[in-house]
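The values are calculated or read from the model by the stated rules, or taken from the named source; none is laboratory data. Every value quoted in this text rests on a predicted model; they were computed, and no experiment measured them. Positions of Cβ are backbone-derived with ideal geometry, glycine not excepted, and every protein chain shown enters the neighbour counts.
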Ligand SMILES: Cc1cc2nc3c(=O)[nH]c(=O)nc-3n(C[C@H](O)[C@H](O)[C@H](O)COP(=O)(O)OP(=O)(O)OC[C@H]3O[C@@H](n4cnc5c(N)ncnc54)[C@H](O)[C@@H]3O)c2cc1C
């Protein structure tokens, strides 16, 4: 029988670029590199064995997501939810530097300062190339703040994870939903993951834009890549501006509605458009923008930051309770009906997913495996016409070559 292979996953455009496969497969057979489309993708240097391909197929978060039965209520739209709050870091600098209300950074700083973890593994701008993302091991408040703020460009935090798992001490991991899901999948085959990873924190994710999106923002800002000393997408307020600083100190900025809303969101990778987990369902805690809105749509006026904070596991809720006791964040109660108003895109994408997957399946004949994720229940909430529209749109956009997710080795 034909089996799913790593090259099939990549050719089928199911790769999210997390880097897990390069960690799973030894002997330098796989490494991550920027593709000409501007996404991080595995480069396969040597043919994988049948067993290696099977390992990738069962752990790659682009290809396989499954919730195991748990003791936390599962909402078909929003995943496992223990508690929902809005809030912000009480440390003014953390709130200001953070993308939203600085909740993730506040949680990380608390974990480090309370000794609950030895370090944090998260993503920050590369020190040698301000447009590239790299994994940083942070051990102090100052380190954590260097990684604060969203980076709307490819990142592969699961690359070289073996080195991390061999380090002494426990860590907290921060990543996109697919990064966190990949780490959970890896835990099924490598027991060091559960031993070493004290907490997994994710943020809501509408999708990863290609590096070309960033280059387009830079071009609109009138800054040459060679002149660039620093580049950030968010932070310094909420939502915060995309900001380029040149070597000679010139600062160019673009508001969030323009950078994300008219440029970056037009460069999303295919896998993100059929993602059943935009909200970090596999994390202990997931954070997002707690947008204020009008007429059902978020507004992006600059103001003091506010995060949405979901505890997804009991362990995550214990951490939030601890952080509240230490007065690192202030919170207010919230419910899932309000979350739907703050995050209409996430609601729409998950609701439309089953119809979109049906379109992909009909055109391509193969699908990623998403199990126990409430997709049928989400689809039933949508009207027939909307489902049909999404099915037709997805059928039209799916390329025939998506069929190649399964290859004989
Ligand atoms: C590609 C992308 C899409 C997003 N889509 C949504 C969305 O649809 N809805 C929504 O509400 N929010 C979205 N966000 C998240 C949002 O921008 C905030 O990051 C989130 O609200 C957390 O804010 P904070 O102030 O608590 O985090 P902060 O305190 O600013 O901390 C952010 C953390 O995220 C990590 N991080 C930043 N960029 C990346 C990256 N590319 N890969 C891995 N880790 C990273 C940093 O290392 C840091 O630790 C997205 C972020 C990204 C990067």
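Restricting attention to region 248-264, which residues are over 16 Å from residue 235 (Cα atoms) and surrounded by fewer than 16 Cβ atoms within 10 Å (Cβ to Cβ)? Spell out the reasoning first.
The first filter runs over region 248-264 and keeps only residues over 16 Å from residue 235 (Cα atoms), leaving 248-250, 261-264.
Result: 248, 249, 250, 261, 262.
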Notebook entry, point to check: Looking at region 244-296, which of its residues are more than 14 Å from the ligand (Cβ to nearest atom) and assigned to a strand (DSSP E or B)?
Noted result: 244, 245, 246, 251, 252, 253, 254, 294
Next item on the list: Please list, ordered by first then second residue, the pairs with beta carbon atoms under 6 Å, 6 or more apart or interchain, first in region 96-125 and under 18 Å from residue 320 (Cβ atoms) and modelled with pLDDT of 95 or more, second within 6 Å of the ligand (Cβ to nearest atom) and assigned to a helix (DSSP H, G or I).
Entry: 98/105
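Hey, among the residues in region 137-172 that are within 14 Å of the ligand (Cβ to nearest atom), surrounded by 19 or more Cβ atoms within 10 Å (Cβ to Cβ) and over 16 Å from the mean Cα position of the chain (by Cα), which one's nearest to residue 184 (Cα to Cα)? Show your work before the answer.
From region 137-172, those within 14 Å of the ligand (Cβ to nearest atom) are 137-159, 161, 171-172; that's our starting set.
If we keep only those that are surrounded by 19 or more Cβ atoms within 10 Å (Cβ to Cβ) as well, we get 138, 144-145, 147-159, 161, 171-172.
Applying the additional criterion that residues be over 16 Å from the mean Cα position of the chain (by Cα) yields 138, 144-145, 161, 171.
On the way: 138: 21, 144: 23, 145: 26, 161: 13, 171: 14 Å.
My answer is 161.
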Check: Take the residues of region 62-84 that are part of a strand (DSSP E or B) and either more than 20 Å from the chain's Cα centre (by Cα) or over 17 Å from residue 343 (Cα atoms) (or both): which is nearest to the ligand (Cβ to nearest atom)?
Finding: 83
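Being surrounded by 23 or more Cβ atoms within 10 Å (Cβ to Cβ), more than 25 Å from residue 277 (Cβ to Cβ) and near the ligand (Cβ under 10 Å from one of its atoms) is true for just one of 109, 104. Which residue is that? Explain how you work it out, then say what you get.
Working: 104 fails: more than 25 Å from residue 277 (Cβ to Cβ).
None of the other options fit; the residue is 109.
Matching residues to (1) farther than 17 Å from residue 275 by Cα; (2) surrounded by fewer than 18 Cβ atoms within 10 Å (Cβ to Cβ); (3) touching a helix residue (DSSP H, G or I) at 6+ places or on another chain (Cβ under 7 Å):
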| site | (1), (2), (3) |
| --- | --- |
| 13 | no, no, yes |
| 25 | yes, no, yes |
| 62 | no, no, yes |
| 73 | yes, yes, no |
| 78 | no, no, yes |
Note to self: Looking at region 275-304 only, could you name the residues that are modelled with pLDDT under 95 and under 24 Å from residue 210 (Cβ atoms)?
What the structure shows: 298, 300
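Residues are listed down the side, and each one gets a yes or a no for (1) in contact with a helix residue (DSSP H, G or I) (Cβ under 9 Å, 6 or more places away or on another chain); (2) surrounded by fewer than 22 Cβ atoms within 10 Å (Cβ to Cβ); (3) under 25 Å from residue 394 (Cβ atoms); (4) free of Cβ contacts under 8 Å to residues at least 60 places away in the same chain:
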{"site": "273", "(1), (2), (3), (4)": "yes, yes, yes, no"}
{"site": "284", "(1), (2), (3), (4)": "yes, no, no, no"}
{"site": "289", "(1), (2), (3), (4)": "yes, no, no, no"}
{"site": "326", "(1), (2), (3), (4)": "yes, yes, no, no"}
{"site": "336", "(1), (2), (3), (4)": "no, yes, no, no"}
{"site": "365", "(1), (2), (3), (4)": "yes, yes, yes, yes"}
Note to self: Regarding region 262-270, can at least one residue be identified that is modelled with pLDDT under 95 and in contact with a helix residue (DSSP H, G or I) (Cβ under 9 Å, 6 or more places away or on another chain)?
What the structure shows: yes
